[in-house]
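Single-structure report; data block below.
The values are calculated or read from the model by the stated rules, or taken from the named source; none is laboratory data. Keep in mind it's a predicted model, so treat the numbers as computed, not measured. Neighbour counts are summed over all protein chains in view; Cβ atoms, including those assigned to glycine, are modelled from backbone coordinates with ideal geometry.
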Amino acid sequence: MSYIPISEKDKKEMLARIGVESVADLFCCLPESIRLKELLDLPGPLSEPEILEYFEKRGKMNLYDRYLSFLGGGAYDHFIPAVVDYLSSRGEFVSPYTPYQPEVSQGTLQVIFEFQTLICQLTGLDIANASLYDGATGAAEAVLMANRIKNKKRLLVASSVNPEYRQVIYTYTRNLGLEVVEIPYDALGRVDRKGLDSALNSQTSVLLCQSPNYFGVVEDLKALGELAHNHDALLTVVISEPLSLGLLEAPGKLGADIVTGETQSFGLPLSYGGPYLGFMACKKEFVRQLPGRIAGQTVDTEGRRGFVLTLSTREQHIRREKATSNICTNQAHCALRATIYLETLGRQGLKKLAWLNLQKAAYALEKLTAIPGVRRKFGGPVFNEFVLEFPVDWSRISKKLEGKGILGGLALGKDYQGLEKCALITITEKHSREKIDRFAQVLEEVLK
Amino acid sequence: MINVIREPLIFEISSPGKSGFRLPALDVPEKLEILEGLPVREDIEGFPEVSETEITRHFTRLSQMNYCVDFGFYPLGSCTMKYNPKVNEKVAAMPGLAGVHPLAPEKLTQGNLELMKTMERLLCEITGMDAVSLQPAAGAHGELTGMMLIRAYHQAHGNPRKYVLIPDSAHGTNPSSAHICGYTVREIKSNERGTISLEDLEREMTDEVAALMVTNPNTLGVFESDICQIADIVHSKGGFVYMDGANLNALAGVIRPGDMKVDVLHLNLHKTFSTPHGGGGPGSGPVAVKKILEPYLPVPIIEEKDGQFYFNYNRPQSIGRVKSFYGQFLVVLKALAYLLALGPAGLREMTEIAVLNSNYIRKSLEGIYHLKYDSPTLHECVFSDKFQKEFGISNLDISKRLLDYGLHPPTMSFPLIVHGALMIEPTETESRRDLDLFIEAMKAIDREARENPELLRTAPHITYVRRLDEVQAARNPILRWEKK
């Protein structure tokens, strides 16, 4: 299949105007010796029906949808309202580029402005950007941003932050002479205060913690913020389940200076990991250090309100090596989906959805811990994820559960020493009472 | 542009009590005691409350304010704004592919793993490289990853080195990525042909230089014909050649970066491989390497054993992760569907027509607009506003006037070596009619510049909003809506 609307006749006439004999003449500047003499070894061409068949076949090779899944840990399965796909698939949203010509991009720019506003409202902070790649790179950008603001080389990262987020932070900070120190978790599953206290010093730029953290436990942000600020360090919070913000107090109101994270929960399918949607918000005074694109309000020559990309002197296309980040193309279309999702659910819907998740998770926790041998690992309060501990290694239990069509949870042993008998279980509004009851029933059988 | 009613912000049409989505009732007993110890918010102040009708109208109207590739010609240089095939959207929406949790056991996701592995193989074949990582999320992310690979190699061999050489015509993400990798940027001057000066390179290339970052063809659309010699100079001092693959639409199927002695490059699936730009992403920036850098690739890599695919995390020399999970999977699917549709002959034709279309425009506008460099160009060409400047007209004015002709302007913000640049990349998915419309509009604008410059200075006239005050936006930033 070809998407080329140039006919042979067109080609001849165009070559004549250019003044060459053939298309090959246009490539004369390429070294002859390495020009390809044959076509590449590639499959195709396939017709449209054949393309669909090709991918449907691979879809059938995936067996995931045959299982009842309680997997979370940074990717969450929520309902997506029909309007999200419908409206976001409009060609006017799918096919433009970055709104560098604002006069013909007011749709994109206004959506970004609304997205930024929604993120500010959820996080309780003043300014948000137009998106980052995902929660993990958001966490990395956030610690780099804190380092630029405070100009101190020590970065504290809670070990209860998602392991993949921490890995990305290491990759980003390794080459810049920065010191990353991990703070352990306590028996409640929260940042260990003693550990934090001894790690904080005058050389610390930032404490990065996640809330709810990787164990599903909600941190005491107010206390952590006070400790950090006492040492002239910033409190940065990364959030991987932003639905929690429909219920929990805005981190900005609890002392967070920067809030970043993942917004896949807001209208993006599981997508086997991507594209997802990173966000970042900060206090007003840090705006010049915020990475990424930002849309701002202004007026046109006739006094009409309009929106433009602004504060571009932070960015790579102006500042080049002095830019706050190298990010250019971000996740704009995903941010559009999140914006439609959040505006569709609205204030009532988001609060109710968070409530459903909270209550169902509490119900699941109660039912599962009623099974002999199963105990709640961490006492700290949770939202829609929690860690359970079992009498034997989780890997043995999960195998048996898989045999019964259930993906019961995520293993923690590979990332956390001592948690080999534990699993992270996630509940969303998609888990009906029947499904949770079935999980409990099967788990009980398996443990016998 | 359709002149519609001014579309308010959603917060301005919100009114209490409405919601656009009904949720099922809670089917478990409600317990209030679980709120103990949780910092519960009182409310989400200012959060909108609208019905589904209002949502649909709001976003439909907003969409109509956007120019887009589905609407018309979009010749942004170095962005490759080609047509986005619709079957690709259908593929990426298949629940069997898109509904899979990334942490599901690999034996349950063999379809997805096979698709990724296939894409890796096709990209190796197209680029002439040995291994690919699909993990980076965009071109700039791929650049950063590539530079990290280079640094990891040098570090493992005793000295990470200090500098990276970058031509003055480069895209801004190049120096930015090098900087984040801990390198200091040294600029290489372009010669009178617009290409890398070999003398400058010889002088600057020392054993403290980790790499040269080169775009080929460069941002002028000019092919670096000396690329093999350039690579030899860099390699002779133990450095690597990094290629910014943004302009691959000029090369794919005709020549391979691997054969040009490139060691590592990134690709932009949202450029060469037709995935939609979405108003600013998501893109995808896979990185392709020669064997020498393969051990450092981001983790995990996909391996195959006894017909089963699995993720291999046991990679002691890897730079680690640059992103969570595996990359922009749905974007990769769209690009793969595109390659399958094209086949090998279609890929070559894509490149040939991209170059034909660009040269057609170049020939048609030569003499009317100033061309700083005489050199042959491939898939894009860069004019400047030099002739029109004599009448007080800049590239900005020309661009804004193009909007009145129902066309999207070319790129203006780079390359820095051409003042008043107009970087035009038509791509291969434009018809002769659309090319001619653009050419005629540009000719008309040149006439207007001479006869009626004020018309250009006050352009655009028929768009949804007129020229916007960007100075005010930066001076008094209003970056969110707030209740009065």
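Each residue in the stretch A:291-308 was checked for being over 14 Å from residue B:469 (Cβ atoms) and modelled with pLDDT of 95 or more, and 2 pass.
Per the listing B:483, B:400, the residue uniquely over 22 Å from residue B:69 (Cα atoms), touching an Asp or Glu at 6+ places or on another chain (Cβ under 8 Å) and within 13 Å of another protein chain (Cβ to nearest Cβ) is B:483. Screening A:16, A:75, A:24 for residues that are more than 30 Å from residue B:409 (Cβ to Cβ) and assigned to a helix (DSSP H, G or I) leaves exactly one candidate, A:24.
Among the residues of the stretch B:320-346, those identified as surrounded by fewer than 24 Cβ atoms within 10 Å (Cβ to Cβ) and in contact (Cβ under 8 Å) with a residue 60 or more places away in the chain are B:325, B:326, B:341, B:344. If we scan the stretch A:53-62, do we find a residue that is crowded, with 17+ Cβ neighbours inside 10 Å and within 22 Å of the chain's Cα centre (by Cα)? Among the residues of the stretch A:53-62, not one is crowded, with 17+ Cβ neighbours inside 10 Å and within 22 Å of the chain's Cα centre (by Cα), which makes the answer no. Residues in the stretch A:413-448 that are free of Cβ contacts under 8 Å to residues at least 60 places away in the same chain and within 28 Å of the chain's Cα centre (by Cα): A:413, A:414, A:417, A:418, A:419, A:420, A:421, A:422, A:423, A:432.
When residue B:368 is tested against (1) in contact (Cβ under 8 Å) with a residue 60 or more places away in the chain; (2) within 12 Å of chain A (Cβ to nearest Cβ), just one condition goes unmet, and that condition is (2).
In the stretch B:54-169, counting only helices (runs of 4 or more DSSP H) that sit wholly within it, the ones holding 3 or more residues that are in contact with a strand residue (DSSP E or B) (Cβ under 7 Å, 6 or more places away or on another chain), of a type outside the set (Phe, Trp, Tyr) and more than 7 Å from chain A (Cβ to nearest Cβ) span B:110-127, B:139-156. Step by step: first the residues of the stretch A:99-138, then only those that are β-branched (Val, Ile, Thr) and more than 7 Å from chain B (Cβ to nearest Cβ), then the one that is nearest to residue B:404 (Cα to Cα). Which residue is that? Among residues in the stretch A:99-138 that are β-branched (Val, Ile, Thr) and more than 7 Å from chain B (Cβ to nearest Cβ), the one nearest to residue B:404 (Cα to Cα) is A:112.
Taking only the stretch B:255-311 into account, find how many residues are free of Cβ contacts under 8 Å to residues at least 24 places away in the same chain and surrounded by 24 or more Cβ atoms within 10 Å (Cβ to Cβ). Working first, answer last.
Filtering the stretch B:255-311 down to residues free of Cβ contacts under 8 Å to residues at least 24 places away in the same chain leaves B:255, B:278, B:280, B:295, B:299, B:303, B:305-307.
Remaining after also requiring surrounded by 24 or more Cβ atoms within 10 Å (Cβ to Cβ): B:278, B:280.
Of the residues in the stretch B:255-311, 2 are free of Cβ contacts under 8 Å to residues at least 24 places away in the same chain and surrounded by 24 or more Cβ atoms within 10 Å (Cβ to Cβ).
None of A:208, A:248 is more than 12 Å from chain B (Cβ to nearest Cβ) and at pLDDT 95 or above except A:208. Looking at the stretch B:130-146, is at least one residue free of Cβ contacts under 8 Å to residues at least 60 places away in the same chain and under 30 Å from residue A:426 (Cα atoms)? Looking for residues that are free of Cβ contacts under 8 Å to residues at least 60 places away in the same chain and under 30 Å from residue A:426 (Cα atoms), one finds none in the stretch B:130-146, hence no.
Surrounded by fewer than 23 Cβ atoms within 10 Å (Cβ to Cβ) and of a type in the set (Ser, Thr, Tyr) - does that describe any residue in the stretch B:58-78? The answer is yes, given that some residue of the stretch B:58-78 is surrounded by fewer than 23 Cβ atoms within 10 Å (Cβ to Cβ) and of a type in the set (Ser, Thr, Tyr).
Considering (1) surrounded by fewer than 21 Cβ atoms within 10 Å (Cβ to Cβ); (2) at the interface with another protein chain (Cβ under 7 Å from one of its Cβ atoms), the lone condition that residue A:297 does not fulfil carries the number (1). State which residue pairs qualify: first residue touching a residue at least 40 places away in the same chain (Cβ under 8 Å) and at the interface with chain B (Cβ under 7 Å from one of its Cβ atoms) and inside the stretch A:71-98, second residue surrounded by 23 or more Cβ atoms within 10 Å (Cβ to Cβ) and among the charged types (D, E, K, R) in any location, beta carbons under 7 Å apart, and separation of 6 or more residues or different chains. If the second residue must be surrounded by 23 or more Cβ atoms within 10 Å (Cβ to Cβ) and among the charged types (D, E, K, R), the pairs left are A:74/A:164; A:74/A:262. How many residues are within 29 Å of the chain's Cα centre (by Cα), part of a strand (DSSP E or B) and not hydrophobic (A, V, I, L, M, F, W, C) if we restrict to the stretch A:365-390? Of the residues in that region, 3 qualify.
Here is the figure for the stretch B:46-66: residues that are among the small types (Gly, Ala, Ser) and within 27 Å of the chain's Cα centre (by Cα) total 1.
Would you call residue A:426 more than 7 Å from chain B (Cβ to nearest Cβ) and either under 22 Å from residue B:28 (Cβ atoms) or modelled with pLDDT under 95 (or both)? Quick ask: steps written out before the conclusion?
Numbers: more than 7 Å from chain B (Cβ to nearest Cβ): yes; either under 22 Å from residue B:28 (Cβ atoms) or modelled with pLDDT under 95 (or both): yes.
Yes: the conditions hold for residue A:426.
Of note, residue A:319 does not satisfy the criterion of being farther than 30 Å from residue A:84 by Cβ, outside any loop (DSSP other than H, G, I, E, B), basic (Lys, Arg) and more than 9 Å from every other protein chain (Cβ to nearest Cβ).
When B:475, B:447, B:467 are screened for being among the basic types (Lys, Arg), without any contact (Cβ under 8 Å) to a residue 60 or more places away in the chain and either more than 10 Å from chain A (Cβ to nearest Cβ) or in contact with a strand residue (DSSP E or B) (Cβ under 9 Å, 6 or more places away or on another chain) (or both), only B:447 passes. The residue that is nearest to residue B:84 (Cα to Cα), among those in the stretch B:257-267 that are touching an Asp or Glu at 6+ places or on another chain (Cβ under 9 Å) and not aliphatic (A, V, I, L, M), is B:266.
For the stretch A:401-414, the set of residues classified as of a type outside the set (Gly, Ala, Ser) and surrounded by fewer than 17 Cβ atoms within 10 Å (Cβ to Cβ) consists of A:402, A:404, A:414, listed by residue number.
Residue count for the stretch B:30-50, restricted to those that are more than 7 Å from chain A (Cβ to nearest Cβ), assigned to a loop (DSSP other than H, G, I, E, B) and touching a helix residue (DSSP H, G or I) at 6+ places or on another chain (Cβ under 9 Å): 1. Of all residues in the stretch A:327-350, those that are part of a helix (DSSP H, G or I) and either over 18 Å from residue A:77 (Cα atoms) or more than 7 Å from every other protein chain (Cβ to nearest Cβ) (or both) total 13. If you go through the stretch B:170-179 and keep only what is assigned to a loop (DSSP other than H, G, I, E, B) and within 12 Å of residue A:322 (Cα to Cα), you end up with just B:172. Being at pLDDT below 95 and hydrophobic (A, V, I, L, M, F, W, C) holds for only one residue in A:336, A:311, A:358, and it is A:311.
Applying the condition of being among the acidic types (Asp, Glu) and in a loop (DSSP other than H, G, I, E, B) to the stretch A:241-279 and asking which residue is surrounded by the fewest Cβ atoms within 10 Å (Cβ to Cβ) yields A:249.
Rundown of residues vs (1) within 9 Å of another protein chain (Cβ to nearest Cβ); (2) not in a loop (DSSP other than H, G, I, E, B), yes/no style:
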position	(1), (2)
B:340	yes, yes
B:350	yes, yes
B:356	yes, yes
B:362	yes, yes
B:373	no, no
B:383	no, yes
B:407	no, no
B:417	no, no
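Among the residues of the stretch A:281-316, those that are small (Gly, Ala, Ser) and not in a loop (DSSP other than H, G, I, E, B) comprise A:281, A:295, A:296, A:306, A:312.
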